[in-house]
Structure formats: C-alpha cells, structure tokens
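First the structure, in the form of structure tokens, and then the observations on it.
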Amino acid sequence: MKLQFFLLLTLIVGISSLTSAREVPQVELGSYDPWDSKVVETFENLLMQESGRVKPIYSYSRFTLLQFSGKTSLRFGTKDGETHELHYSEWMLDVLFRGNVAKALPVFVVDNSAAIVQIGVSPKEKRDRYSYDEIVSGRAKLAELSAQYGEKQRKHTESEKDPQYELDPIEGMILTLGRNISAFEFLVGQFSFARKGQLLVNENILPQEMVALAATLDPVAIIDKMPEMSIQQLGRAIQQPDNGDEDARMFTSALRLFFFYANSARGINLFPPQENDNEIWLSASDAMLEGLESKEARPWAVEQLRELQNVIEASTQGTETFSAALAAFSDSQRAKADARGEGEHSALEVHLYRGKYFSYALYLFVFGFIILATSWFSPASKFGRVMVLIASLLALAGLLLDISGITLRSIIRDRPPITNLYDTVIFITATAVLLGLIIEYFTRIGVGALIAIVSGMLGMFLSIKYEAKEATDTITQLVAVLDTNFWLATHVTIINIGYAAGLVSAIIGMLYLAARFVLNLVGKEAKDFVKLLTRMNYGVVCFCLFFSLVGTVLGGIWANYSWGRFWGWDPKENGALMICIWTLVILHGRMAGWIRDLGIHMNGIILGIIVTFSWWGVNNLGVGLHSYGFTEGVWNSLYKSWGVMGIFLLMGIWLYIDDRAKKTAKKAERNSKETDPQVNSA
C-alpha cells in the first residue's frame, strides 16, 4: 500500500514541477501600475455588439488576446524586478486607455522566427511573443509583405485553391502577424478623437500639419458647425487639392482629420441605436458619420461621443475619477440596453468565462487518469478498487463542470445546447463521459471509468485547442437555416448523441485490441474480460444505431421543411447514412455469425473513422447545404486520428491471423491424435 501511494505522489509532484517551469519575458517598462479591481469589474461588464450579438466587452477582450497571443493571459517582468500577470480585461484596459504601456507588452505570438527575420526585426527564440515596440521597426516591410500575401491568399480562394497560390507556413505567419498588428493599432487609436493628438493610428505616416491640427481640434465640437455631408461626399471633399485660400485649406484639413478620426474609431460598437426597431449598435465612428450626415441626428451623436470623451479624459485623472466616469458610462449604456431588452445575460457570460468550467474539467479528467493509472499496479486489491472509485468520482465532477458550462452557454443565447461546431465538441464529450460512467456503474471493473476519463481528456483538450486555433467568439449568431430551437433541440442533439456513441464504440474497440495484443505477447488469456468488452461494445453500437437513425430521419423532415426535399445526397446526409449503415453491418454481421468478438471491435473502430469524417470532414469539403464553416488544419488532425485507429486495425489483423494460425494448429493436432494408432490404442 505504501508503495502505491509513493508512486502516486511521485507522479503528481513530477507533473507539477513540469508545469511550473516557465520563463517570464522581460519588457522595457520600469514598472507596471495594476488597474484598480473596481475599474476592471466595471469595464468588463460594459456592453458592445459584435457580429450581431450584444455581449460584455469581457468576452471581446478574451478572444482578441487569444487571437494575438494564443493565450488568454499575459505574464511579464518589469525592470524593477516585479513579475506581473494580466487578465485579458486588464490587458484591454491598457490597450484602450494606456496605449503606450500596451505597446511594450509581448502579446504577438510568432511560431517561427524566420517570419520575424523577413520583416527585418531581430528574432528571439524560434517560437516567441513580441511586443508592438519590438516589431514597429519592421512595420513598413510587414505591411508590404502582408498586402502581397493577402492578395495571394485571395487568388488562392478565388481559383478554388490553386496550389500555385497557396501560402507556405512562413507567408501565412507574416500575413497573420500583419493583420494582428493592424488590428492592435486600430484598438490603440480607437479613442484618439478624444485625446487631442495623442496615440494616433499610424501617426508616423500622417502629414505633420494634420498631426499639429489634431492637438487643437475637437472633432465632436465641430460636428454642429459642419454642413450635412454623406460619407461619399466626405470622401470626395477630402480629395480636393489644397489650392484655395487659407480658410478653405483649413476646412479641408479639418475634414481630413475628421475622416481620419472616424476611420480610426471603427470596430467597437458601444452605442445602442436611437430607433428601437434598429438592431445594429454603433461605434464612435458610426456616431460621428451619422451626426455629420444628418442634423437631426447630431444631438444624439454628440451626446454619445461626449459621454465617451468624458471617460477618456477621466482615465488620465486618477483612479477614483476614472472609476466614477466609467461607472456613469456603464450605467447609461446599461439603461439603454435594458430598455431594448438586450444584454440581459451579460453578467452570466462573464461568470461563464471567469469560471473556466472546461479548463477545470480537463484538469479533473487528467488527475482522474493519474489516479486510475495507479490502480493498475494492484488492480484486484482494495487499493485498486478505491483508486477506481476516486477516478470515477473525478470523472463525474469533470462531467458536471462540462454540463454546467453547456447549460450556461444555452441560457446566455436562449438556445439548445448545440448551435455550432464548438458546441458539438463539449456536448459529445459530455455524452461520451456519461456513457462511460454508466458502463462503470454496471460493470465495476474500471473499464467504464477509463472510457469516461479518456473521452473527457480528449474532448476537453480538443475544445480548448479548437477555441485557441479559431480565436473567435464561440457563442455565435445562427445562420438563417439553423434559426429554430425545435430542430436544434431534436435533430441536432440526437444526431450528436449518436456521434458520441460511435466514438465510444471505437474507444472500446481500441481497448479490446490493445488488451488482446498485450495478452498474446505475454502468453496469457482473460476470456471473461474480453467477452465483457464485446458485450459493452455491442450495446453501445445498438445505442448508436438508435440515435443515429432517429436523428437522420428527423434531419430529413427538417430538410423537407427548410429546403423542400427530404433527402438530397448532401455530404452531411451521406455521413449520417454511412453511420446508420455501418452499425447495421456490425449488428447483422454478429447475428449472422459473419463476425465474432474481434470483428465487432474492428468494425467499431471503422465506425469511429466514419463518425469523425461525418462530424468534422464534411464541413471542410466546401460543398453541400450543411457546410457551415471551414476549420483550417482539420484534415491533418483527421488524418492523424485515422492513422492511430489504423494502427489498432493492424493489431486486429495481426490478432486475426494469429487466431487463425492457432485454430489451424489445434485442428491439426486434433486430427493427428485421431489418426495416430498409438494414441488411439492408449
């Protein structure tokens, strides 16, 4: 017993030491002044609209930092020897209100230093993070190459992926870095209209007279003094040559600066519209242009911009003043949103991301795997049974966290659990873990716990990696054809339960083949154990068939309702049909005696390959009515997963050949005994 606990302690300590050894990057700041917690709390609950959805700026900050850095936190050391770790809300506060500080922070991840070398910047490690200040010396070259590679990418898309236009990895990194740097510059200059010439976007390329004018001109104050002008008229006006008198030149310069400010203030839509029937929120840019275009809209536009100006000015006047101004802006914005019935679940969304449900679920599944692994040192002992029980409880805790996260996401958007590809990952994970725990409840041999924990680890890891790779909000607006809660709650949910069962069947199949392979190598048998695995898999395949068949039929009814036909041989429909057909192949093959234990498990793995293709692959074919999104790099991941399952299938082929050889040898031995007269006489 002492030995087992010592091994468990060694594993935990070893993993902790590996995760704690991280080098802290140093920045060129003498010190860093942390934001007041009240300011952070008020800021992260500000509302904004992005892609048609009203949400807290907390969520926007999270995915913006994830897009730039590949992480949702920022760690760095300053020259005074202090180490700081910033939450994404604190980082966004720096970006919007302390731009010069934000420019010194290492947020831009570059996976290969060759990309940095190409823009003329001194590289650090091969994969590292750079600050804006470290990259700015190569800004012009970066802009040139980004434009070049962006055009190449456009041609690749328009030519239906002609290989001659495909970006190589370094070109892709440069294009991504260029876009991230540009987005960062617009964020830093988002409120430059209220700063009187400070933190102008691309200030180094602006005419000096415009920079000088920016220090004195208040663009909000001049809205009332300007003639009504559309954006098209403004564009033509600023292109006029400076050949008039001084007043005319000054007017043209003011228009150019106004246009510059309006262009810089795009992206963060903080203002609910005046009209209740208008669902589009406005940015500072929209407010400026709307006020310019219509004198009737000017009082409203000036009021909104003044409220924001007050916040920007207060940010330089101390914590208490800034906190009060930010709270006043937040209260005003919240009152307008409440009157429109928008943003009611924003606090819950902040709670969802702050709770880190899926990350903590992954930790529990990993810890559960470590605990379960210790039971293998003494599986039949009391210690082994206790470790299996603890591992099962940890898997149950991880499942509850996963379900809690799914539930919160459903409440936030007033939708059933699955509305996009990310939702399928966390839902299928929860279903697979639940199936594993149910199996463990009835068998009590640790296999169900292993299925649950492996499913949980893989699913939670996939959800985190997918979110980091896409770096976009995963609580999205629905495309028109999916905008129905009934079919999302029935067809989509049921078909994904079938997916989960198919994947569990593949996991059981791989466990069976691995167990048989090892037992054969050591010359042992465990007939009761492998027979139990076969019964498990048979039941799971039946479960998969039921939900896949019902889900497919419901999908056909929905297709008839939406598109006017029950079946159209769409790739997604074909994938669902393949799952149904293959489960029927397994069950009929078993009933007819064509396949036995080994055949069930090998076909279960093939079922897993079909499920992953139907789940992920068809979205990347780019054809069909069900192709709602493309995930770059998914084919490589699919090929790797199919390669792993292929290795297990090769194990199965080896076992089949070995079994046939043993049966042939036994038959020959039996025939030899029957024909040998000495044996018969004896």
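The values are calculated or read from the model by the stated rules, or taken from the named source; none is laboratory data. All of these numbers come straight from a predicted model, not from anything done at the bench. Positions of Cβ are backbone-derived with ideal geometry, glycine not excepted, and every protein chain shown enters the neighbour counts.
Among the listed residues Gly551, Gly539, Gly589, Gly556, which satisfies the condition of being in contact with a Phe, Trp or Tyr (Cβ under 6 Å, 6 or more places away or on another chain) and among the small types (Gly, Ala, Ser)?
Numbers: Gly551 fails: in contact with a Phe, Trp or Tyr (Cβ under 6 Å, 6 or more places away or on another chain); Gly539 fails: in contact with a Phe, Trp or Tyr (Cβ under 6 Å, 6 or more places away or on another chain); Gly589 fails: in contact with a Phe, Trp or Tyr (Cβ under 6 Å, 6 or more places away or on another chain).
Of Gly551, Gly539, Gly589, Gly556, the one residue that is in contact with a Phe, Trp or Tyr (Cβ under 6 Å, 6 or more places away or on another chain) and among the small types (Gly, Ala, Ser) is Gly556.
Residue check: is Glu342 more than 17 Å from Val39 (Cα to Cα), acidic (Asp, Glu), in contact with a helix residue (DSSP H, G or I) (Cβ under 7 Å, 6 or more places away or on another chain) and surrounded by 18 or more Cβ atoms within 10 Å (Cβ to Cβ)? Spell out the reasoning first.
Details: more than 17 Å from Val39 (Cα to Cα): yes; acidic (Asp, Glu): yes; in contact with a helix residue (DSSP H, G or I) (Cβ under 7 Å, 6 or more places away or on another chain): no; surrounded by 18 or more Cβ atoms within 10 Å (Cβ to Cβ): yes.
So Glu342 does not fit the description; no.
From the list Leu399, Leu326, Leu389, pick out the single residue that is without any contact (Cβ under 8 Å) to a residue 60 or more places away in the chain, surrounded by 21 or more Cβ atoms within 10 Å (Cβ to Cβ), outside the structural domain of Tyr58 (by TED's automatic domain parsing) and out of contact with any strand residue (DSSP E or B) (no Cβ under 6 Å at 6 or more places or on another chain). Break it down stepwise before answering.
On the way: Leu326 fails: without any contact (Cβ under 8 Å) to a residue 60 or more places away in the chain; Leu389 fails: surrounded by 21 or more Cβ atoms within 10 Å (Cβ to Cβ).
Of the residues listed, the single one that is without any contact (Cβ under 8 Å) to a residue 60 or more places away in the chain, surrounded by 21 or more Cβ atoms within 10 Å (Cβ to Cβ), outside the structural domain of Tyr58 (by TED's automatic domain parsing) and out of contact with any strand residue (DSSP E or B) (no Cβ under 6 Å at 6 or more places or on another chain) is Leu399.
Please indicate, with yes or no, whether at least one residue in region 583-590 is under 19 Å from Ile494 (Cα atoms) and modelled with pLDDT of 95 or more. Lay out the reasoning, then the answer.
Residues of region 583-590 that are under 19 Å from Ile494 (Cα atoms), as a first pass: 583-584.
After this cut, where a residue has to be modelled with pLDDT of 95 or more as well, the list is 583-584.
Yes, region 583-590 has at least one match.
Quick one: in region 292-323, which of the residues that are of a type in the set (Gly, Ala, Ser) and within 18 Å of Asn269 (Cβ to Cβ) is nearest to the chain's Cα centre (by Cα)? Before you say what the answer is, go through the steps one by one.
Initially, region 292-323 is screened for residues of a type in the set (Gly, Ala, Ser), giving 294, 297, 301, 314-315, 318, 323.
Those still in the list that are within 18 Å of Asn269 (Cβ to Cβ) too: 297, 301.
Numbers: Ala297: 39, Ala301: 36 Å.
By that ranking, first place goes to Ala301.
Sort through Leu554, Leu519, Leu545, Leu503 and tell me the only one that's surrounded by fewer than 17 Cβ atoms within 10 Å (Cβ to Cβ) and either in contact (Cβ under 8 Å) with a residue 40 or more places away in the chain or part of a helix (DSSP H, G or I) (or both).
On the way: Leu554 fails: surrounded by fewer than 17 Cβ atoms within 10 Å (Cβ to Cβ); Leu545 fails: surrounded by fewer than 17 Cβ atoms within 10 Å (Cβ to Cβ); Leu503 fails: surrounded by fewer than 17 Cβ atoms within 10 Å (Cβ to Cβ).
After applying the criteria, what remains is Leu519.
Would you kindly identify the helices (runs of 4 or more DSSP H) lying entirely within region 67-147 that contain at least 2 residues that are among the aromatic types (Phe, Trp, Tyr) and crowded, with 16+ Cβ neighbours inside 10 Å? Before you say what the answer is, go through the steps one by one.
Values: elements: 88-97, 99-102, 113-118, 132-135.
Fully inside region 67-147 and qualifying: 88-97.
Determine which member of the set Leu217, Leu234, Leu257 is farther than 30 Å from Ser346 by Cα, in contact (Cβ under 8 Å) with a residue 40 or more places away in the chain and assigned to a loop (DSSP other than H, G, I, E, B).
Working: Leu234 fails: assigned to a loop (DSSP other than H, G, I, E, B); Leu257 fails: assigned to a loop (DSSP other than H, G, I, E, B).
Sole residue among the options that is farther than 30 Å from Ser346 by Cα, in contact (Cβ under 8 Å) with a residue 40 or more places away in the chain and assigned to a loop (DSSP other than H, G, I, E, B): Leu217.
Is region 243-251 home to any residue that is acidic (Asp, Glu), more than 16 Å from Leu289 (Cβ to Cβ), assigned by TED's automatic domain parsing to the domain that holds Ser294 and surrounded by 13 or more Cβ atoms within 10 Å (Cβ to Cβ)?
No, region 243-251 contains no residue that is acidic (Asp, Glu), more than 16 Å from Leu289 (Cβ to Cβ), assigned by TED's automatic domain parsing to the domain that holds Ser294 and surrounded by 13 or more Cβ atoms within 10 Å (Cβ to Cβ).
Would you be able to tell me the number of residues in region 256-274 that are touching a helix residue (DSSP H, G or I) at 6+ places or on another chain (Cβ under 6 Å) and crowded, with 19+ Cβ neighbours inside 10 Å?
Count: 9.
Quick one: is Glu160 without any contact (Cβ under 8 Å) to a residue 12 or more places away in the chain, part of a loop (DSSP other than H, G, I, E, B) and within 28 Å of Glu470 (Cβ to Cβ)?
On the way: without any contact (Cβ under 8 Å) to a residue 12 or more places away in the chain: yes; part of a loop (DSSP other than H, G, I, E, B): yes; within 28 Å of Glu470 (Cβ to Cβ): yes.
Yes: the conditions hold for Glu160.
Filter region 340-353 down to residues that are in contact (Cβ under 8 Å) with a residue 60 or more places away in the chain and assigned to a helix (DSSP H, G or I), then give me how many there are.
First, pick out the residues of region 340-353 that are in contact (Cβ under 8 Å) with a residue 60 or more places away in the chain: 340, 342-343, 345-350, 352-353.
Filter once more, so that each one left must be assigned to a helix (DSSP H, G or I): 340, 346-350, 352-353.
Number of matching residues: 8.
Results for (1) within 23 Å of the chain's Cα centre (by Cα); (2) over 30 Å from Leu532 (Cβ atoms); (3) modelled with pLDDT under 90; (4) part of a helix (DSSP H, G or I), shown as yes or no for each residue.
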residue	(1), (2), (3), (4)
Thr419	yes, yes, yes, no
Thr429	yes, no, no, yes
Ala432	yes, no, no, yes
Leu450	no, no, no, yes
Gly459	yes, no, no, yes
Phe486	no, yes, yes, yes
Ile497	yes, no, no, yes
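Would you say Glu290 is assigned by TED's automatic domain parsing to the domain that holds Thr216 and surrounded by fewer than 19 Cβ atoms within 10 Å (Cβ to Cβ)? Please lay out each step first, then the result.
Working: assigned by TED's automatic domain parsing to the domain that holds Thr216: yes; surrounded by fewer than 19 Cβ atoms within 10 Å (Cβ to Cβ): no.
No, not satisfied.
I'd like to know if region 665-676 contains one or more residues that are within 23 Å of Gly498 (Cα to Cα), at pLDDT below 80 and either touching an Asp or Glu at 6+ places or on another chain (Cβ under 7 Å) or not assigned by TED's automatic domain parsing to the domain that holds Cys542 (or both).
First, the residues of region 665-676 that are within 23 Å of Gly498 (Cα to Cα): none.
No, that holds for no residue.
For Leu167, which of the numbered conditions (1) closer than 20 Å to Asn620 by Cα; (2) loosely packed, with under 15 Cβ neighbours inside 10 Å fails to hold?
The single condition Leu167 does not satisfy is (2).
May I ask you to verify whether Ala380 is touching a residue at least 12 places away in the same chain (Cβ under 8 Å) and of a type outside the set (S, T, N, Q)?
Against the criterion (touching a residue at least 12 places away in the same chain (Cβ under 8 Å) and of a type outside the set (S, T, N, Q)), Ala380 does not qualify.
Take the conditions within 29 Å of the chain's Cα centre (by Cα), of a type in the set (Asp, Glu) and on the phi < 0 side of the Ramachandran plot and apply them to Glu171. Does it pass? Outline the logic, then answer.
Values: within 29 Å of the chain's Cα centre (by Cα): yes; of a type in the set (Asp, Glu): yes; on the phi < 0 side of the Ramachandran plot: yes.
Taking the combined requirement at face value, the residue satisfies it.
Quick check on region 315-336. Is at least one of its residues on the phi > 0 side of the Ramachandran plot and either in contact with a Pro (Cβ under 9 Å, 6 or more places away or on another chain) or not in a helix (DSSP H, G or I) (or both)?
Within region 315-336, the subset on the phi > 0 side of the Ramachandran plot is 318.
Narrowing further to those that are either in contact with a Pro (Cβ under 9 Å, 6 or more places away or on another chain) or not in a helix (DSSP H, G or I) (or both): 318.
Looking through region 315-336, at least one residue is on the phi > 0 side of the Ramachandran plot and either in contact with a Pro (Cβ under 9 Å, 6 or more places away or on another chain) or not in a helix (DSSP H, G or I) (or both).
Check whether at least one residue in region 272-284 is under 17 Å from Met229 (Cβ atoms), of a type outside the set (Phe, Trp, Tyr) and not assigned by TED's automatic domain parsing to the domain that holds Val54, and report yes or no.
First, pick out the residues of region 272-284 that are under 17 Å from Met229 (Cβ atoms): none.
Taking every residue of region 272-284 in turn, none turns out to be under 17 Å from Met229 (Cβ atoms), of a type outside the set (Phe, Trp, Tyr) and not assigned by TED's automatic domain parsing to the domain that holds Val54.
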